[in-house]
Amino acid sequence: MSTVLSAAPVRTIIDLAAVRKTYATGAIAVEALRGIDVRIAEGEYVAIIGPSGSGKSTLMHILGCLDVPTEGRYELAGRDVSDLAEAELAHIRNREIGFVFQQFNLLPDLTALRNVALPLVYAGVGTAEREQRALRALDRVGLSERAQHRPGELSGGQQQRVAVARALVTEPSMILADEPTGNLDSVASADVLALFRELHDAGRTVVLITHENDIAAQAERVITILDGEIRSSTSKSGDVRSGDLT
Amino acid sequence: MNWLETLRTAADAVRSHRLRSLLTMLGIVIGISSVVLTVGLGLGAQDKVRSQIDALGSNLLIVSPGSSTGSSGVRGGFGSASSLTLADADAIADSTVAPDVAQVAPTTSSSSALAAGTTNWTSRIVGTTTTWPQVRARTLTSGRFFTAAELATGANVVVLGPDTASQLFSRGNPVGQTITADGTTLTVIGVLAESGATSTTSSEDDLAVVPITTAQRLSGATSTALASLYVEARSAGSLSAAYQEVNAALLTAHDVTSSSPDFSIATQDALLSTANSTNKTMTILLAGIAAISLLVGGIGVMNIMLVSVTERVREIGLRKALGATPSAIRRQFLIEASLLGVSGGVIGAVIGVVGAVILPSVINQPVSISAPAILAALGVALGLGVGFGVYPASRAARLTPIDALRSE
């Protein structure tokens with residue numbers, strides 16, 4: 001079904017099998033996902049692309065354990081998370097997933113350091129260790145000297161880098177970025193994308209959700225979704241299925 | 001996420017909206033400060049009344065004559081009958097009849113025009129025995145009280161109340177001087193110290209005390225009708241025993257049944273509870289207003305917390321995405337509401353205490369600062385925060401992360 005890079009490690013991080021999601025809006029049931037099979041290996045850099053209404057947001061929610069599929073099975077890092085309760089999903093999100101959002105979603109009243117440390121608070125990590133790890137994550141995105149700045153004192157690109165540091169701080173199984181460059185100018189976009197590239201080169205699993213072809217082209221593999229189904233999965237090594245979607 | 005961390009998050013949230021937090025607390029601040037003040041006022045008034053009644057004497061029973069029924073069948077009020085006599089006083093003072101009675105002071109009372117030189121003053125003449133200063137807990141600032149010999153002979157001596165003394169003798173020491181009362185010349189032998197007690201009908205500081213024998217001669221009365229009998233029990237513990245003994249002795253002496261006594265016995269506690277009942281009504285009324293204010297304050301907290309939850313939907317969504325469980329979110333908002341409640345309570349208690357210190361100099365009323373009342377008020381404030389925070393907090397906890405993140 002999916003195409004795995006020849007250099008990719010064996011371990012599978014994401015395994016979606018026949019996943020369906022149906023929303024009941026009043027009397028009408030809307031099928032947002034109609035049987036999705038995706039397999040992503042550890043260390044992969046995957047872009048999921050599709051126009052609005054294609055179901056890519058729903059897929060992102062399910063990948064990010066923000067929602068559960070109506071049907072089908074989802075294994076994340078070897079664990080079936082298809083129908084976990086809200087509190088258990090929260091723990092999975094905390095440990096396995098590092099989110100990067102279009103709106104950055106930093107808390108304006110907290111310093112960059114405390115924003116980055118926030119996931120560790122919910123992981124029950126002590127104050128001293130939290131600070132240490134948050135500083136290391138900020139250093140990783142090149143912003144350690146801005147640790148005591150509040151989001152309002154940082155540029156958009158810097159804010160998104162802080163958000164990436166926050167996604168990294170728990171050492172998650174994957175970074176899940178939802179339109180991470182949607183609110184950035186071209187320079188800052190290139191900056192953030194370069195950061196994802198670096199993370200990928202360092203062995204991280206990165207899943208990028210976007211509607212822009214040139215952003216998606218940064219990834220090693222592009223999965224195209226349309227009308228709730230996967231239309232193609234194209235990897236840079238040349239395995240093109242039907243990449244003529246514009 | 002541990003409690004300390006949650007508390008820190010809540011404190012950050014309260015601090016980052018200072019004005020709003022203060023306005024939210026206002027209802028609780030007003031409520032708690034008024035509770036502290038009203039309770040303080042009530043207790044202060046009670047203390048004042050108690051000290052006044054204590055000043056009447058300690059372990060005291062006050063026997064008053066009952067109502068009289070005239071030949072026409074018209075009944076007079078309590079105290080109108082002349083049913084108490086010196087014989088009754090002697091009977092009660094008998095240690096075999098009433099072993100729990102320490103001392104008895106019978107008193108007569110009449111109004112009389114006093115004169116010292118050209119100065120006139122109308123005062124109350126109290127006729128009594130030598131036990132009176134002890135039973136009524138009165139001391140003298142100068143001179144002496146009359147002796148048993150003077151009592152026996154009906155000597156023309158008088159002990160003046162402090163107010164009476166200052167009215168009749170504006171200068172100099174009254175002791176050794178003379179006054180006239182109803183044409184009889186009396187020598188002033190002593191001046192009483194202030195009693196601190198005020199009664200609504202007569203001042204305890206404006207009176208002239210004479211031997212009861214002298215009083216009878218002054219009024220020209222042949223009878224020995226007493227205004228009241230002050231009975232001192234041996235101790236606070238024997239007060240009720242003394243009450244029973246005096247009651248039994250008088251019923252026997254007057255040959256009446258307990259269903260229609262011609263006298264009444266009041267204790268200090270009875271006087272106290274009568275005096276406090278009006279105070280209590282006032283305190284309950286004020287406390288009721290304070291309670292309504294607290295309720296309104298609590299609803300204010302709930303209202304602002306609901307607004308806060310709506311306003312911070314994105315924050316809630318983000319926290320959930322980062323791994324906050326519903327119970328962590330509920331706890332965060334619950335603690336935030338409690339913090340608003342407690343902060344309001346602390347501010348209110350401080351204002352209440354400051355008010356309790358300042359108020360007595362403005363309204364001439366004692367205000368007690370009651371630690372239990374303050375602690376209870378703080379507890380109520382915390383309870384209000386928690387109670388009115390539950391609903392907003394569970395609404396925050398129920399938000400799904402997707403909806404929360406999606407909102408703009």
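The values are calculated or read from the model by the stated rules, or taken from the named source; none is laboratory data. For clarity, every value in this text was computed on a predicted model and none was experimentally measured. All Cβ positions, glycine included, derive from the backbone under ideal geometry; neighbour counts span all protein chains shown. Each accessible area value is taken on the protein alone, full model and side chains, heavy atoms only, with ligands, DNA and RNA left out. Shrake-Rupley method; radii C 1.70, N 1.55, O 1.52, S 1.80 Å.
Specify the residue that is farthest from the other protein chains (Cβ to nearest Cβ); the eligible residues are those in the stretch A:57-112 that are among the aromatic types (Phe, Trp, Tyr) and open to solvent by less than 10 Å² (accessible area, probe 1.4 Å).
A:Tyr74
Please determine, by comparing only the residues of the stretch A:152-178 that are modelled with pLDDT of 90 or more and part of a loop (DSSP other than H, G, I, E, B), which one is nearest to the other protein chains (Cβ to nearest Cβ). Steps first, please.
Going through the stretch A:152-178, the residues modelled with pLDDT of 90 or more turn out to be A:152-172, A:174-178.
Those still in the list that are part of a loop (DSSP other than H, G, I, E, B) too: A:154-155, A:169-172.
Details: A:Leu154: 17, A:Ser155: 20, A:Val169: 10, A:Thr170: 8, A:Glu171: 13, A:Pro172: 10 Å.
Per the criteria, the residue is A:Thr170.
Just checking, how many residues over the stretch A:186-225 are under 30 Å from A:Glu31 (Cα atoms) and small (Gly, Ala, Ser)?
Of the residues in that region, 3 qualify.
For B:Ala396, work out the one condition from (1) open to solvent by less than 60 Å² (accessible area, probe 1.4 Å); (2) more than 14 Å from chain A (Cβ to nearest Cβ); (3) within 30 Å of A:Lys56 (Cα to Cα) it doesn't fulfil.
(2)
Kindly establish whether B:Asp182 is on the phi > 0 side of the Ramachandran plot and touching a strand residue (DSSP E or B) at 6+ places or on another chain (Cβ under 7 Å).
Against the criterion (on the phi > 0 side of the Ramachandran plot and touching a strand residue (DSSP E or B) at 6+ places or on another chain (Cβ under 7 Å)), B:Asp182 qualifies.
Hey, does the stretch A:40-47 have a residue that's closer than 22 Å to A:Asn94 by Cβ, open to solvent by less than 40 Å² (accessible area, probe 1.4 Å), aliphatic (A, V, I, L, M) and at pLDDT below 90?
The answer is no; no qualifying residue exists.
Looking only at the stretch A:229-246, filter to residues that are modelled with pLDDT under 90 and under 16 Å from A:Ser52 (Cβ atoms); which one of those is surrounded by the fewest Cβ atoms within 10 Å (Cβ to Cβ)?
Filtering the stretch A:229-246 for residues that are modelled with pLDDT under 90 and under 16 Å from A:Ser52 (Cβ atoms), the one surrounded by the fewest Cβ atoms within 10 Å (Cβ to Cβ) comes out as A:Thr246.
Which members of the stretch A:199-227 meet the condition of being open to solvent by less than 70 Å² (accessible area, probe 1.4 Å), in contact with a Lys or Arg (Cβ under 8 Å, 6 or more places away or on another chain) and farther than 26 Å from A:Arg140 by Cβ?
Once the filter is applied, which keeps residues that are open to solvent by less than 70 Å² (accessible area, probe 1.4 Å), in contact with a Lys or Arg (Cβ under 8 Å, 6 or more places away or on another chain) and farther than 26 Å from A:Arg140 by Cβ, the stretch A:199-227 yields A:Thr224, A:Ile225.
Restricting the search to the stretch B:15-49, which residues are out of contact with any helix residue (DSSP H, G or I) (no Cβ under 6 Å at 6 or more places or on another chain) and more than 14 Å from every other protein chain (Cβ to nearest Cβ)?
Of everything in the stretch B:15-49, those that are out of contact with any helix residue (DSSP H, G or I) (no Cβ under 6 Å at 6 or more places or on another chain) and more than 14 Å from every other protein chain (Cβ to nearest Cβ) turn out to be B:Leu19, B:Leu22, B:Leu23, B:Leu26, B:Leu41, B:Leu43, B:Gly44, B:Asp47, B:Lys48.
Failed condition for B:Ile284, given (1) outside the structural domain of B:Val158 (by TED's automatic domain parsing); (2) open to solvent by 60 Å² or more (accessible area, probe 1.4 Å); (3) in contact (Cβ under 8 Å) with a residue 60 or more places away in the chain, with all others met?
Of everything listed in (1) outside the structural domain of B:Val158 (by TED's automatic domain parsing); (2) open to solvent by 60 Å² or more (accessible area, probe 1.4 Å); (3) in contact (Cβ under 8 Å) with a residue 60 or more places away in the chain, B:Ile284 misses just condition (3).
Output the qualifying pairs, or none if there are none: Cβ atoms under 6 angstrom, residues six or more apart or on different chains, first residue in the stretch B:5-32 and closer than 18 Å to B:Val346 by Cβ and β-branched (Val, Ile, Thr), second residue at pLDDT below 85 and surrounded by fewer than 17 Cβ atoms within 10 Å (Cβ to Cβ).
none
Please determine, by comparing only the residues of the stretch B:51-87 that are touching a Pro at 6+ places or on another chain (Cβ under 8 Å) and either at pLDDT 80 or above or in a strand (DSSP E or B) (or both), which one is surrounded by the most Cβ atoms within 10 Å (Cβ to Cβ).
B:Leu84
Residues checked against (1) of a type in the set (A, V, I, L, M); (2) within 13 Å of B:Phe388 (Cβ to Cβ):
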{"site": "B:Met282", "(1), (2)": "yes, no"}
{"site": "B:Leu285", "(1), (2)": "yes, no"}
{"site": "B:Ile292", "(1), (2)": "yes, no"}
{"site": "B:Met305", "(1), (2)": "yes, yes"}
{"site": "B:Arg312", "(1), (2)": "no, no"}
{"site": "B:Leu322", "(1), (2)": "yes, no"}
{"site": "B:Pro326", "(1), (2)": "no, no"}
{"site": "B:Gln332", "(1), (2)": "no, no"}
{"site": "B:Glu336", "(1), (2)": "no, yes"}
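Please determine whether any residue of the stretch A:188-198 is assigned to a loop (DSSP other than H, G, I, E, B) and either open to solvent by less than 40 Å² (accessible area, probe 1.4 Å) or in contact (Cβ under 8 Å) with a residue 12 or more places away in the chain (or both).
No, every residue in the stretch A:188-198 fails to be assigned to a loop (DSSP other than H, G, I, E, B) and either open to solvent by less than 40 Å² (accessible area, probe 1.4 Å) or in contact (Cβ under 8 Å) with a residue 12 or more places away in the chain (or both).
A quick yes/no check of all residues on (1) among the hydrophobic types (A, V, I, L, M, F, W, C); (2) surrounded by 23 or more Cβ atoms within 10 Å (Cβ to Cβ); (3) part of a helix (DSSP H, G or I); (4) modelled with pLDDT of 90 or more:
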residue	(1), (2), (3), (4)
B:Thr310	no, no, yes, no
B:Gly323	no, yes, no, yes
B:Ala328	yes, no, yes, yes
B:Leu339	yes, no, yes, yes
B:Gly344	no, yes, yes, yes
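Hey, can you tell me all the residues within the stretch A:135-172 that are among the polar types (S, T, N, Q) and crowded, with 22+ Cβ neighbours inside 10 Å?
A:Gln159, A:Gln160, A:Thr170
Just the residues that are open to solvent by less than 20 Å² (accessible area, probe 1.4 Å) and within 31 Å of the chain's Cα centre (by Cα), please, taken from the stretch B:152-176. Don't jump to the end; show me each part of the working.
Restricting attention to the stretch B:152-176, the residues satisfying the condition of being open to solvent by less than 20 Å² (accessible area, probe 1.4 Å) are B:154, B:157-161, B:164-165, B:168, B:174.
Scanning the stretch B:152-176 gives B:Val159, B:Leu160, B:Gly161, B:Thr164, B:Ala165.
If you scan the stretch A:113-151, which residues turn out to be in a loop (DSSP other than H, G, I, E, B) and within 12 Å of chain B (Cβ to nearest Cβ)?
A:Ala123, A:Gly124, A:Val125, A:Gly126, A:Arg150
Between a residue in the stretch B:303-332 that is facing chain A (nearest Cβ under 7 Å) and any residue that is of a type in the set (A, V, I, L, M), which pairs come within a Cβ distance under 6 Å, given they are 6 or more apart or on different chains?
Once the first residue is facing chain A (nearest Cβ under 7 Å) and sits in the stretch B:303-332, its partners that are of a type in the set (A, V, I, L, M) give B:Leu322/A:Leu118; B:Gly323/A:Ala90; B:Thr325/A:Ala87; B:Thr325/A:Ala90; B:Pro326/B:Ala397; B:Ala328/B:Met1.
Report, by residue number, each residue of the stretch B:23-39 that is of a type in the set (Val, Ile, Thr) and surrounded by fewer than 24 Cβ atoms within 10 Å (Cβ to Cβ).
Of everything in the stretch B:23-39, those that are of a type in the set (Val, Ile, Thr) and surrounded by fewer than 24 Cβ atoms within 10 Å (Cβ to Cβ) turn out to be B:Ile30, B:Thr38.
Find all pairs meeting these conditions: Cβ atoms under 7 angstrom apart; at least six residues apart or on different chains; first residue within the stretch A:51-70 and modelled with pLDDT under 90 and assigned to a loop (DSSP other than H, G, I, E, B); second residue hydroxyl-bearing (Ser, Thr, Tyr) and surrounded by fewer than 24 Cβ atoms within 10 Å (Cβ to Cβ).
A:Val68/A:Ser82
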